[in-house]
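The values are calculated or read from the model by the stated rules, or taken from the named source; none is laboratory data. Every value quoted in this text rests on a predicted model; they were computed, and no experiment measured them. Cβ placement follows ideal geometry from the backbone for every residue including glycine, while neighbour counts extend to all protein chains displayed. Protein only, heavy atoms only, side chains kept; ligands, DNA and RNA dropped before computing areas. Shrake-Rupley method; radii C 1.70, N 1.55, O 1.52, S 1.80 Å.
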Amino acid sequence: MELPFAESWKIKMIEPIRKSTRQEREQWIKEAHYNTFQLAADKVYIDLITDSGTGSMSQAQWAGMMMGDESYAGASSFFNLKNMIAKLTGFEYVIPTHQGRAAENVLFSYLVKEGNVCPGNSHFDTTKGHIESRKAIALDCTIDEAKDTQLEIPFKGNVDPIKLEQALKDHKGNIPFIIITITNNTAGGQPVSMKNLREVSALSKKYDVPVLFDSARFAENAYFIKTREEGYANKTIKEIVKEMFSYADGMTMSAKKDAIVNMGGFIATRKQDWFDGAKNFCIIMEGYLTYGGMNGRDMNALAIGLDENTEFEMLETRIKQVEYLAMKLDEYGVAYQRPAGGHAIFVDAAKVLTHVPKEQFPAQTLTVELYLEAGIRGCEIGYILADRDPITRENRFGGLDFLRLAIPRRVYTNNHMDVIAAALKNVKDRAEQITKGYTIEWEAPLMRHFTVKLEKAK
Ligand code: F0G
C-alpha cells in the first residue's frame, strides 16, 4: 500500500498542556470579558490564537542561540542574518526590528504621509493601523473572489490588477508604495500567485510606484506557487522565493511566522533611499542598526530559521497538517474559507452560527463557544477586528467574519487537529440553540480586538 504522509522531523522536547472543565472555562471566559486575548494561557488547552512567535525552534536554531554575538555594533550575528536575507531575497540593505509591526513603524515613519494612499491586497491589521494612524488610507484591492468563502481557486490572496491600476491612476503622485501581503492573512492565509506578483510589478513600473511585500508568510506562499502554479513544480522553494522578491523593492517581515522564531523582524530593501530614510527611525525607535530590537542570539536563530523553512519538506509537513484539519472539517460539514490556507483555517462564522445577528458578532460568538466546548483558543478575524470606519465611526460589517484557527509551526500533532474538529462539530450541532451573541461594553479607538470588553447580548 501507499505509505501515509508523516512529519519530516521528530520531537525532542515537550511542554505539558492542561485540560479543564466546562464549568471552569465558563468562569474564566466571563472574567476575560469574552475576549480570548484576555485569557491567561494556562487556562487554554490547545492554543490557536496565532501562529506568530508560537512555533518550536529546531535543534540547529537552539545551537545558533548559543553562538550569538552580543556586541553592540557590528555583531557577527547581524551579518549572519543580513547575508541570509540577501541570499534568499536579493535585498542588500537590512534593518533588524523586534517584530513585524516595528518594521512597519520604522519604514512607514519615513514613507507614509498624511493623505497618502497605500493600495494592495488585504492589509494586516497592524499594517492598516500604521497607515491609518498616519492619516493615510489602506486601500484593499483584493480580488472579489476572496469574499466567496466556498469558491475554490488556487490564489485567492491575489490583488485585482484592474482595481490596482485604477487606484494608481486616481491617486497618482500620492502613493508611497503598493503593498502586497504574502500570504494574504486577512483573506484566510490565501496565497498570491507568481503571475499576480509579476502583474503588480509591471504596474509599479508603469506608474513609477515601488512595491513593498509584507512577507510574514512568504515561504508558505512559495510552497503554494510550487504546488499550484504551472511551471513551478520542479523549482526549489529557494528559487521560487528569489523570483518572488525580484518583483519587490523591499519587504517588511514578521519573523515570528515563517522564520520560526519567538520574536524578531526586519526591513530589507534594494532601495538605498528607503534604507537611509528608515535608518534614523530605527535608531530612535528600535535600537542601533546592527541589532534594532533583537539580541545577537535571536538574529542567529532567525537566520537559521529562514534557511530551514525555505526547504520543501518543512513546508510540506506544515501545510499538510492544516489540510488535515480542513479535511476533518469537511467530514463534519463545518464551512471555512476554501481552499485551506497556509497557516490557518478560517471558519466562516455566519455559515456555522446561523442564528446570531451580525450586530452581535457571530465569529466572536463562535470563538467563545469553541473555548467553552474544549478549551481551544482561536481568535476572531472579523467584524470586531475590522474596527470602526475612521470617518463615520460605524462598525464595518462589509468584510468577512471568521473564527481563525491559526496552527503554530511544529507544535501540535494531528491528534490535536482531531480534537479541534470534533469540538467545532459539537458547536455546529447545537447552533440552533445559539441565538444570541455579544455586544461591546468597552473598546479602544484603534485595534480594539485585543482589549475589547464584551457582554452577553440581551
Ligand atoms: N503582517 C502580517 C501579514 C501579519 O500576519 C502580522 C502579524 C504582522 C504583519 C505583524 O507582525 O506580530 O510580528 O508585529 N500577525 C500575527 C497574527 C499577530 O496573529 O496573524 P508582528
Among the candidates I240, I225, residue that is more than 16 Å from the ligand (Cβ to nearest atom) and buried (at least 24 other Cβ atoms within 10 Å of the Cβ): I225
Quick one: what pairs do we get from the range 174-194, first residue open to solvent by 10 Å² or more (accessible area, probe 1.4 Å), second of a type in the set (A, V, I, L, M) and within 12 Å of the ligand (Cβ to nearest atom), C-beta under 7 Å, 6+ apart or different chains? T186/I381
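Mind checking whether some residue in the range 216-229 is in contact with a strand residue (DSSP E or B) (Cβ under 7 Å, 6 or more places away or on another chain) and in the same structural domain as N121 (by TED's automatic domain parsing)?
Keep residues of the range 216-229 that are in contact with a strand residue (DSSP E or B) (Cβ under 7 Å, 6 or more places away or on another chain), which gives 216.
Remaining after also requiring in the same structural domain as N121 (by TED's automatic domain parsing): 216.
The answer is yes, given that some residue of the range 216-229 is in contact with a strand residue (DSSP E or B) (Cβ under 7 Å, 6 or more places away or on another chain) and in the same structural domain as N121 (by TED's automatic domain parsing).
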Per the filter on the range 371-386, residues within 15 Å of the ligand (Cβ to nearest atom) and either touching a Cys at 6+ places or on another chain (Cβ under 9 Å) or on the phi > 0 side of the Ramachandran plot (or both) are L385
Being surrounded by fewer than 18 Cβ atoms within 10 Å (Cβ to Cβ), among the hydrophobic types (A, V, I, L, M, F, W, C) and either touching a Gly at 6+ places or on another chain (Cβ under 8 Å) or assigned by TED's automatic domain parsing to the domain that holds L403 (or both) is true for just one of F37, F78. Which residue is that? F37
Can you tell me which condition A423 does not meet? The list is (1) surrounded by 21 or more Cβ atoms within 10 Å (Cβ to Cβ); (2) at pLDDT 95 or above; (3) closer than 24 Å to G342 by Cα; (4) touching a helix residue (DSSP H, G or I) at 6+ places or on another chain (Cβ under 8 Å), and all the others hold. (1)
Could you look through the range 41-67, keep only residues that are surrounded by fewer than 15 Cβ atoms within 10 Å (Cβ to Cβ) and among the small types (G, A, S), and pick out the one that is farthest from D298 (Cα to Cα)? A41
Search the range 345-370 for residues being under 18 Å from A146 (Cα atoms) and touching a Leu at 6+ places or on another chain (Cβ under 6 Å), and hand back the single one that is farthest from the ligand (Cβ to nearest atom). A349
